[in-house]
Structure formats: structure tokens, C-alpha cells
Amino acid sequence: MAFNTGLSGLRAAAVDLDVTGNNIANASTVGFKSSRVQFGDLYANGFLSGGSNPVGDGVNVQGIKQSFGQGNISFTDNGLDMAIEGDGFFVLNNGGETRYSRAGQFTIDKDGFVVNNQSMRVQGFTADGDGNLSGIRGDLEIATDNLAPRRTTNLRSDLNLDSRESVLESRVRDVGPLAFGDVNGEQFEMTYTDGTPAYSVDLSGLTTARQIADKLTTAPGLSASATTTANLGLSDADVAAAGFSFELRVNGAPLQLDTSNVSSLEELKAAINDSSDTAISAAIVDDGTGNNVLRVSHNQGENLDITYNDGSGGASNTVSETGDINVTGDRTIAGVTATGGSGNNFVTEYGQSPIRITNEFNPQDQRTYNHATSTSIFDSLGNSHELTQFFVKEPSPGNGVGVSEWSVYLQIDGEMVAGTDATPYTARFDQDGTLQSINGDASGEIVITDWVPKDKNGQPNGSDGPPAAGATVVTPIPDPPTTSAFVLSLGETTQYGATFGVDDQRQNGYTTGRLSGLDVSSEGILFARYTNGQSKSLGQVALASFSNTDGLSAVGDTSWVETFESGQPVIGKPDTGTLGGIKASSVEESNVDLSGELVNLIIAQRNYQANAKTIETSDAVTQTIINLR
């Protein structure tokens, strides 16, 4: 009996050594779960009794049990590596056979499927083309084709327009042209509404229109210019006549002209334009009756005296001009009154002159708008275009109490859209700075229906254009869009006494993109990142749990298969129910306690030696009996 008892001990110790050695060998295997041997003693017994021999028959290996405790998690440089924090197994497709593993070292094969080192495909919940996850389980696949572009159908701008801004509109009075003789010698006084002291102007003793213009320009709020123009009734025949002569004097001083070889009005015009005085110019114009005349001008308003002989043998003709004055006055001027002399001409003309807006909106002139902001939008081909919004503060309607108005202009790639080249949109705000409406629409939406996407040369680029004339455009733009129409939403725009700022500006379009990277969330969702800044869900890793994890059967490659004892798997999404979460760019290390295993190795060795000693002793006893004589 002692031989059998010792032999069973040797067998058990050998198994213990094997299991311990296997644990030590896999101390660095990702996802490996350590095992331990379970022993049981042996006793002989009868069918109806416990037997009469209380001495044991040795030891039996009852089973080898794996420990599914959590291993340490370490980070890696592979974005597809995953570790499970908590309960659960990855579900793997091994050519039709379903396996379960805790080893999350994954990569992508040539067909785009997520696989482990043994080319088993990782199972998960698939996503549709728009990145919406489904409940359908299948092999996770990474699409490597380009992300199709999406046209802009909605742009939301949350802005604050500074209520402290002043109205930029400038109103001026244009006075003139005033003839030199009508204003020469006048005296008048100007008064102002902005506190500027009254100013007197004396036009006495002046001899040219230029002097009068310079005198008027010295007055605050006035700007004046002078021009002297003389029309000469000459024909080509007059100039070509043998006795033709021509003399031009500026303020009495002769101007050097070479007219010796001129034979037509064109040649005479050229001779005047070639003179040394750049303020003198000549042109052939229609006098309004269908006849061409030679117009000689001095653009600074000096006196002109022109004497010419048309060759007919008669007396010379002399034309004298003293010039005209044009005056512009801004709206700060309260009034003009005569204080001496006649003064009636300028005073009368100023009072009757129309008011003209001088700084009408011009996107090229920053002085004609208060605020502007730009953002990129995209056409159906994914081409980027720049949309600029301009905001111009307008005079408050009515008495200006409790309401403010701003004009909104829109421009895409330098071209005005939404009809704002002719009529801007009107944004109205209440006394609290809240947007009331845009053109009476309380939603604050502007629908752009006239945009034609163009290339850099200003030609249509082949993408979808505006809707057909008369077509109804509803908001929001339904999917799939078929035109370039889009909605600009300004519903969250405010008008507070704070600096202009863009709080939020987002649009739903983007250009085409190439796959640039992958991210995995704690829920096991695979996100594809593209070069256009977009991301899309490609699928979600599936995890499985079992009622009896110890019932799983290890089949190598750090994987297990379902058995009758394990029960059927419960498959779900990570971080739901009892399933653990996913740690991206990480792996779960082996849960082998190497120091403990080395101690177990010593114990197993001692057990083996002790059982061998049992056999050795039994052999010595037996030999003693045999040697009895």
C-alpha cells in the first residue's frame, strides 16, 4: 500500500509542478489567467460502509482551476489595444467558432477587420453609414475609404452686437455749383449743434473760384472745391484754316502752347493736354445739341482767358471764365445766416440743398459697418467658401425708446447674397437686448436661396446651385438636400452694452476627409478620425459574461470556449450591467503572482521529494522482509 500511496503523491506533485511551471512560463502573457491544482485524499470504503481500514490510500488530483481575477493594466502605443476593467470577455470569431478572451492586443487585417494576433475577428455591434450604432452583432470592420463631403444646410451664429456703437450713417448737403460772381463778396455766419463755436466767412476781395473754395474749406463742417470750364465753338475747319491762332491765359499769365501744326480739334486738344500745367485739360464733348465742342477745364478753379482767331479774317474771339464752386456740408451744421453784404445766394442754396448719405454700406470700407464676422461653409462637392456677416447699426425707429435696429448684410466669396446687395435684413432688438425678429420673423432665421457656388475664377464649380425659381424652401432643410440653399440662424444674437463677440458659431457641413486615426471610448465605441476634423462611430466592441466562469474550457491562444458547465454567454455593451469598461491603448497583464509561484515551486519540489522518500522507505522495509531467513 505504501508504494501506491507514495506513487499517487509523486503523480500529484508532478501535476503541481506542471501547473506552477505553466504559470511561471506565462507570467508575461497578455490576458493569461493563472491556475492552481486542487487535491483530494483517497480512502477505501465498502458499498454500504465507510470501510474497516482508516488508513488513506493516497492523494488524487481533483481538478485544475483557473483564477479569473483582474490583472494589472499597462499602457501601450497601439490605439486598438484594449483592456477590460471588470467582468467580461472579448468575443472572437475564429473561422465560425466563437471564442472568448481577455487578451486585447488587436490590429487591422488587410480586409479592414479588427483581429487579434491569431487573426480571429473581434465581434461587436455594427454602425450604419452615418455612424449610428445598431444592436446587430458582427465582425468589427474599419472602413478606410474617404469620408464623403457634406454640404452646409444650417449655420448658427450666437453673437453680441455692442449697443454702445454709434450710428455710422453720415448725411451731407451738396451745394453747387455756385458761380464765382454769385458768391463773390458774400459774408455769412454758420452755427453748429455739437457745441462748435459759430464761424464767420468773408468772401470779399477774392479774385478766383479757387480762393473762394479755400476760404469756405476753413469753416468747420464745410468742404469746397472749384472748377473752371470753358466751351469753345470751334470746328475742324476752323482749326485747319490758314489764319488760325490760339492763346490760353491762366490768371492772366499766358500758357505756353505749340499750336503751329494743329489742323483739327483732336490735335488742338492734344496740344493743350501736353502743356506744362497739369491742372489744365481739354476734351471734345457734346454740347447737348448734337454738336461737338472743345471743353477746356482748370481743375483747381483758376481764371481762364482764351483768345482765338478762326481764320475767317474777322476779329479775334475771347472767352473769359471765373469758375464754379461746389460745397459739401456735414449734418453738424445747424444753419447758415447772412451777416453782411447780400449773402443770399449761399444761404438760400444751403437751405434748399438735398441731404445725401455719403457712407452707404460698402464691404470694402470698414468705416461703413460696425461689426463683421466670417466662417467657412461647404458646397455639395466639399469645396470651402467664406461667408461674411456684416452688421450696421441704424437709427432707432419711432422715438427710439425700447427698440433698436441693425441692418444685416451677407457676402459669400466677395459676392452679396440673400438679396442684401439691394435690401439688407433688419434685426430688431427690444429694451432687454433680446432679438425680437429679423424682417418680422421671430425665429431669427435667414434663408439664403440665391447662392451659386463658384470657383476661384468666379465661375460655377459644378456643385448644386440655388433652388428653381418659385420653389418653396422649408426650414430646416430636409435630408438629403438637393440645392445650395441653407439657413442662417441668428436667434440667439443679443445686443448688450459689451464688446462685440462671437459666442458660438457652428455649421453642419464639411469637406471630404481621409482616415487619420482611431479612438476607442470607455464604452468600447470605435471612432474614426478624418483629416477634415470629423469623426464617426464605426462600431462598438461586444463583451460576454458567464454565470459560471470557472466552467469555461481553455483552448489555448489565451482564449476559452463555452461549455455546458459555464452556461450560455450574456453578450452586451461595455460598461453596462455587470460588464466592465474598456481601457483604450492598454492591455491586461497576466494575473500570475510570480513570487508566489516561485514559493509554490519549492513546495511542489519538497512534496515530490517527500513522496519519493515514502517509496524509498517502503522499498527498504520490503527488502528487509525478503532478507529474513
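The values are calculated or read from the model by the stated rules, or taken from the named source; none is laboratory data. The structure presented is a predicted model; accordingly, all values stated were derived computationally and were not measured. Cβ sites come from the backbone with ideal geometry, for glycine too, and all protein chains shown count toward neighbours.
Checking segment 297-307 against the condition returns a match, with at least one residue being at pLDDT 90 or above, aliphatic (A, V, I, L, M) and surrounded by 12 or more Cβ atoms within 10 Å (Cβ to Cβ).
Scan segment 454-482 residue by residue and report those that are basic (Lys, Arg) and in a loop (DSSP other than H, G, I, E, B). If the condition is that a residue be basic (Lys, Arg) and in a loop (DSSP other than H, G, I, E, B), then Lys456 is the only one that fits.
Mind checking which residues of segment 1-41 are part of a strand (DSSP E or B) and within 16 Å of Ser595 (Cα to Cα)? Listed by number, the residues that qualify are Ser35, Arg36.
Per-residue answers, yes or no, for (1) part of a strand (DSSP E or B); (2) over 17 Å from Glu394 (Cα atoms); (3) modelled with pLDDT of 85 or more:
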position	(1), (2), (3)
Thr339	yes, yes, no
Asn345	no, yes, no
Glu349	no, yes, yes
Glu360	no, no, no
Pro363	no, no, yes
Ser374	yes, yes, yes
Ile377	yes, yes, yes
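How about segment 378-415: which of its residues are in contact (Cβ under 8 Å) with a residue 60 or more places away in the chain and either closer than 18 Å to Thr493 by Cβ or basic (Lys, Arg) (or both)? Within segment 378-415, Leu387, Gln389, Phe391, Val392, Lys393, Glu394, Ser404, Trp406, Val408, Leu410 meet the criteria.
Return the residue satisfying two criteria in turn: it lies in segment 147-196 and is among the β-branched types (Val, Ile, Thr) and in contact with a Lys or Arg (Cβ under 8 Å, 6 or more places away or on another chain), and of such residues it is surrounded by the fewest Cβ atoms within 10 Å (Cβ to Cβ). Here the answer is Val167.
Here Ser404, Ser380, Ser374 are screened, and the one residue that is hydroxyl-bearing (Ser, Thr, Tyr) and surrounded by fewer than 18 Cβ atoms within 10 Å (Cβ to Cβ) is Ser374. Can you say whether Ala219 is surrounded by 19 or more Cβ atoms within 10 Å (Cβ to Cβ), modelled with pLDDT of 90 or more, among the aliphatic types (A, V, I, L, M) and part of a strand (DSSP E or B), as far as the supplied structure shows? In short, no.
All but one of (1) under 30 Å from Ala25 (Cβ atoms); (2) in a helix (DSSP H, G or I); (3) among the aliphatic types (A, V, I, L, M) hold for Val592; state the number of the condition that does not hold. Among (1) under 30 Å from Ala25 (Cβ atoms); (2) in a helix (DSSP H, G or I); (3) among the aliphatic types (A, V, I, L, M), the lone unmet condition for Val592 is (2). Of the residues examined, Gln436 is one that is part of a strand (DSSP E or B) and farther than 25 Å from Asp379 by Cβ. The single condition among (1) in a loop (DSSP other than H, G, I, E, B); (2) more than 30 Å from Pro354 (Cβ to Cβ); (3) touching a strand residue (DSSP E or B) at 6+ places or on another chain (Cβ under 7 Å); (4) at pLDDT below 90 that Gly135 does not satisfy is (1). Scanning segment 202-216 for residues that are surrounded by 20 or more Cβ atoms within 10 Å (Cβ to Cβ), among the hydrophobic types (A, V, I, L, M, F, W, C) and touching a helix residue (DSSP H, G or I) at 6+ places or on another chain (Cβ under 9 Å) turns up Leu203, Ala209, Ile212, Leu216.
This table checks each residue for (1) more than 34 Å from the chain's Cα centre (by Cα); (2) of a type outside the set (D, E, K, R).
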{"residue": "Glu97", "(1), (2)": "yes, no"}
{"residue": "Val115", "(1), (2)": "yes, yes"}
{"residue": "Ala127", "(1), (2)": "no, yes"}
{"residue": "Gly138", "(1), (2)": "yes, yes"}
{"residue": "Ile142", "(1), (2)": "no, yes"}
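Look at (1) closer than 14 Å to Thr152 by Cβ; (2) surrounded by fewer than 16 Cβ atoms within 10 Å (Cβ to Cβ); (3) at pLDDT below 90 and you find that Gly470 fails only one, number (1).
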